[in-house]
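*Asks:* Below is one structure. I have some questions about it.
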Amino acid sequence: MGDLEATRLAGKVALITGASHGLGRALAIAFAREGAALALCARRAPALDEVASAVARLGADVLAVQADMRSARDLARLVAVTLDRFHRVDILVNNASELGPTPLPYLADYPPAAFDDVLQVNVTAPFRLTQALIGGMLLRNHGVVINVTSDAAITGYPGWGAYAVSKAALEGLTRTWIAELAGTGVRMYAVDPGDMDTDMHRAAMPDADPCELARPDDVARAFIQLVASPEPAPVGQRVEAAAFGR
Amino acid sequence: MVASPIRPLPSLPAELRANLPAELRGLRRDGVRLMVIDRTAQSIRHARLAELGSFLRAGDLLVVNRSRTIPAAVAARRSNGEIVQLRLCVRHAEEWHVLCVNPDPPHANVALRVGERLSVAGTDTVVRGRRADLPLLWRIDALSEGIERMLRSGEPIRYSYVPEPVPLSHYETVYANEPGSAETPSAGRSLSWELLLDLRRQGIDLSDILLHTGLSSLQDDAVDAEHPLFEEWFAVPPNAAQAVNRVPRVIAVGTTVVRALETAAGHDGHARAMEGWTRLRLGPGSPLRVVDGLLTGFHEPQASHFDLLRAFLAEPLLDRAYREAIAERYLWHEFGDLCLIL
């Protein structure tokens, strides 16, 4: 990436959930390199603080908020402290995801409470966060929401149980919301980053060959393309990160 | 602004106090009723908020208050172990002005000692003293980490006519942005994006200002009856001022919007971009330099809200409207029905 392309997100405020590891961490660093101010959240404070320090060293104005995506109070606090600090959010990346128990059990064997947890983190939290932030975006008639999905949403792999269900629901949420946003300046996407070399992927598929997996840093670049692009992707489509921007 | 449940109109039956938001009463947010008062025709009509567009024209501008409601009631422990409830009213950078009440209904005021230490949401603060102009408000050191502490353990301020706790999201407008209001800017609480986007397609534009509301009641009938006035932080951004100055008719959504826009209005009838603390008091005879119409809730005649309405309506029409609202069984207070004054 040349200098001419840098700081395409200068003056923008992005909120990234699940920013302590994997894709979320890579997104935080990529967004910081492009000049965005960042609100980052994760459940575990030490790993989150490490990422916050890393992006601060890149010159980003950063706010780190420890939050549990299953808690409505935590979500409300995350939104409020972010807006108290930055006054607006231009880009929301609903990245935090819960895989569920590993090794991945069949649905017939799935612990019901774990099922609820996965749905809360992967569907309810993105709904609540988006709802709490989209009002400001609609007032400004400008904003981008990216929901991170997975091919598990459309394939039906054995053992991907609640995770697959949650991502299918998240894509349904995205499609409906896109239709309701028609004619406004607010864009929403469901982006499938593909199989990446992350902790989550290792937990799900311990035997996968890392050489065949995408690097989160490369995938993050595709996200930058998407948010910085003046050409919105077509309504109703899921976007595969591998298809562009690498 | 929310009225205090004091000295009710003799003719206001208790069941007309909305005790739940519309969307928890089996309606939609925008399913509340709308009384339309036309000052030119001296007429009063009855409709639904969802029909708002039929009373407006292309070119009208709706201005909303984008302040987000915070859970402004928080428990505090005094050094003697007593638990009290603090209600955040005014948030200056270094010093907060709070009401201190008993945590249980009817939430009577509790006197603190100057210099005493309070433990609030895991942090400590010190009572600096009373406000000279409003002695029921205590000056305390601003909490470290600011409103983050309130958000961790506070609850929305709730008055006696709302018997059960209502989740915070129902105290927020659908366009809530920056946090800072102690109480819901309630006229806009019933607006839905479905309605607002429909209005936009109809050529009725939307703009926003910021005004962080304070408390509508200091939990003292005699003090409340004198309509205590305190400063509220507001911002009229440049694009809002431009929009207001460009259109033929400006409809304020809520009295907080009137307060902000009229503070920013010059004698030339133009709004200018401005931010700061407003102490503007509007009442009968106050000039309305930029606001042409008002969407507002129903609050009791004892509340300061009524004073502001007198800037819009002459006494006979105001009287008629409120009698008709009671006869027609409109619901009152922050979760109640609405009134459009044109």
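The values are calculated or read from the model by the stated rules, or taken from the named source; none is laboratory data. Quantities reported herein were computed from a predicted structural model and do not represent experimental measurements. As a convention, Cβ positions derive from the backbone with ideal geometry for all residues, glycine included, and neighbour counts pool all protein chains shown.
*Asks:* Working only within region B:287-322, note down all residues that are farther than 18 Å from B:Leu16 by Cα and aliphatic (A, V, I, L, M).
*Replies:* Within region B:287-322, B:Leu288, B:Val290, B:Val291, B:Leu294, B:Leu295, B:Leu308, B:Leu309, B:Ala311, B:Leu313, B:Ala314, B:Leu317, B:Leu318 qualify.
*Asks:* May I pose another question? Taking the options B:Arg57, B:Arg113, name whichever one is assigned by TED's automatic domain parsing to the domain that holds B:Gly31 and surrounded by fewer than 15 Cβ atoms within 10 Å (Cβ to Cβ).
*Replies:* Values: B:Arg113 fails: assigned by TED's automatic domain parsing to the domain that holds B:Gly31.
On inspection, the qualifying residue turns out to be B:Arg57.
*Asks:* From the list A:Gly185, A:Gly159, A:Gly172, A:Gly135, exactly one residue is within 14 Å of another protein chain (Cβ to nearest Cβ), surrounded by fewer than 20 Cβ atoms within 10 Å (Cβ to Cβ) and more than 22 Å from A:Gly24 (Cβ to Cβ). Which is it? Reasoning before the result, please.
*Replies:* Details: A:Gly159 fails: within 14 Å of another protein chain (Cβ to nearest Cβ); A:Gly172 fails: within 14 Å of another protein chain (Cβ to nearest Cβ); A:Gly135 fails: surrounded by fewer than 20 Cβ atoms within 10 Å (Cβ to Cβ).
From the options A:Gly185, A:Gly159, A:Gly172, A:Gly135, the qualifying one is A:Gly185.
*Asks:* Right, something else. Considering region B:24-68 alone, what residues qualify as being among the charged types (D, E, K, R) and more than 19 Å from the chain's Cα centre (by Cα)? Step through it out loud before you land on a result.
*Replies:* So in region B:24-68, the residues among the charged types (D, E, K, R) come out as B:25, B:28-30, B:33, B:38-39, B:45, B:48, B:51, B:57, B:60, B:66, B:68.
Hits for region B:24-68 are B:Arg25, B:Arg28, B:Asp38, B:Arg39, B:Arg45, B:Arg48, B:Glu51, B:Arg57, B:Asp60.
*Asks:* Same structure, new question: So which residues in region B:199-223 are within 12 Å of chain A (Cβ to nearest Cβ), in a strand (DSSP E or B) and either touching an Asp or Glu at 6+ places or on another chain (Cβ under 8 Å) or surrounded by fewer than 21 Cβ atoms within 10 Å (Cβ to Cβ) (or both), if there are any at all?
*Replies:* Across region B:199-223, the qualifying residues are B:Asp205, B:Leu206, B:Leu210.
*Asks:* For A:Ala32, are the conditions met, namely being within 19 Å of A:Pro193 (Cβ to Cβ), small (Gly, Ala, Ser) and either surrounded by fewer than 23 Cβ atoms within 10 Å (Cβ to Cβ) or without any contact (Cβ under 8 Å) to a residue 40 or more places away in the chain (or both)?
*Replies:* Values: within 19 Å of A:Pro193 (Cβ to Cβ): yes; small (Gly, Ala, Ser): yes; either surrounded by fewer than 23 Cβ atoms within 10 Å (Cβ to Cβ) or without any contact (Cβ under 8 Å) to a residue 40 or more places away in the chain (or both): yes.
Yes; evaluated as a whole, the condition is true for this residue.
*Asks:* Do the conditions hold for B:Tyr161, that is, is it buried (at least 17 other Cβ atoms within 10 Å of the Cβ), over 12 Å from the mean Cα position of the chain (by Cα) and more than 13 Å from every other protein chain (Cβ to nearest Cβ)?
*Replies:* Values: buried (at least 17 other Cβ atoms within 10 Å of the Cβ): yes; over 12 Å from the mean Cα position of the chain (by Cα): yes; more than 13 Å from every other protein chain (Cβ to nearest Cβ): yes.
Criteria met by B:Tyr161.
*Asks:* Tally the residues that are in contact (Cβ under 8 Å) with a residue 40 or more places away in the chain, within 14 Å of chain A (Cβ to nearest Cβ) and within 25 Å of B:Phe335 (Cα to Cα), restricting the search to region B:148-158.
*Replies:* In the first step, residues of region B:148-158 are kept if they are in contact (Cβ under 8 Å) with a residue 40 or more places away in the chain; the result is B:149-151, B:153-158.
Checking the rest, the ones that are also within 14 Å of chain A (Cβ to nearest Cβ) come to B:149-151, B:153-156.
Subset that is within 25 Å of B:Phe335 (Cα to Cα): B:150-151, B:153-156.
Matching residues across region B:148-158 total 6.
*Asks:* Another question, then. Please find, within region B:63-75, the residue that is nearest to the other protein chains (Cβ to nearest Cβ) out of those that are crowded, with 24+ Cβ neighbours inside 10 Å and either small (Gly, Ala, Ser) or over 21 Å from B:Gly154 (Cα atoms) (or both).
*Replies:* Checked region B:63-75; the qualifying residue nearest to the other protein chains (Cβ to nearest Cβ) is B:Val64.
*Asks:* Whether any residue in region B:236-252 is within 14 Å of another protein chain (Cβ to nearest Cβ) and of a type in the set (Lys, Arg) is what I want to check.
*Replies:* The answer is no, given that none of the residues of region B:236-252 is within 14 Å of another protein chain (Cβ to nearest Cβ) and of a type in the set (Lys, Arg).
*Asks:* Still on this structure, I have one more. I need a count of the residues in region A:5-21 that are outside any loop (DSSP other than H, G, I, E, B) and at pLDDT 95 or above.
*Replies:* So the count comes out to 5.
*Asks:* State which residue is surrounded by the most Cβ atoms within 10 Å (Cβ to Cβ) when the search covers only region A:55-78 and only residues that are facing chain B (nearest Cβ under 8 Å) and among the aliphatic types (A, V, I, L, M).
*Replies:* Taking region A:55-78 and keeping what is facing chain B (nearest Cβ under 8 Å), we get A:72-73, A:76-77.
Among the residues that remain, those that are also among the aliphatic types (A, V, I, L, M) are: A:72, A:76.
Details: A:Ala72: 15, A:Ala76: 23.
This residue is A:Ala76.
*Asks:* Here's something else I'd like to know. Yes or no: B:Leu196 touching a Leu at 6+ places or on another chain (Cβ under 7 Å) and either farther than 21 Å from A:Leu83 by Cβ or away from chain A (no Cβ under 14 Å) (or both)? Let's see the steps before the verdict.
*Replies:* Details: touching a Leu at 6+ places or on another chain (Cβ under 7 Å): yes; either farther than 21 Å from A:Leu83 by Cβ or away from chain A (no Cβ under 14 Å) (or both): no.
The answer is no for B:Leu196.
*Asks:* Let me ask you something else. Do we have any residue at all in region B:194-214 that's of a type in the set (A, V, I, L, M), in the same structural domain as B:Leu20 (by TED's automatic domain parsing) and out of contact with any helix residue (DSSP H, G or I) (no Cβ under 8 Å at 6 or more places or on another chain)?
*Replies:* Residues of region B:194-214 of a type in the set (A, V, I, L, M): B:195-197, B:199, B:204, B:206, B:209-211.
Within this subset, residues satisfying the condition of being in the same structural domain as B:Leu20 (by TED's automatic domain parsing) are B:195-197, B:199, B:204, B:206, B:209-211.
When the remaining residues are screened for being out of contact with any helix residue (DSSP H, G or I) (no Cβ under 8 Å at 6 or more places or on another chain), the result is none.
The answer is no; no qualifying residue exists.
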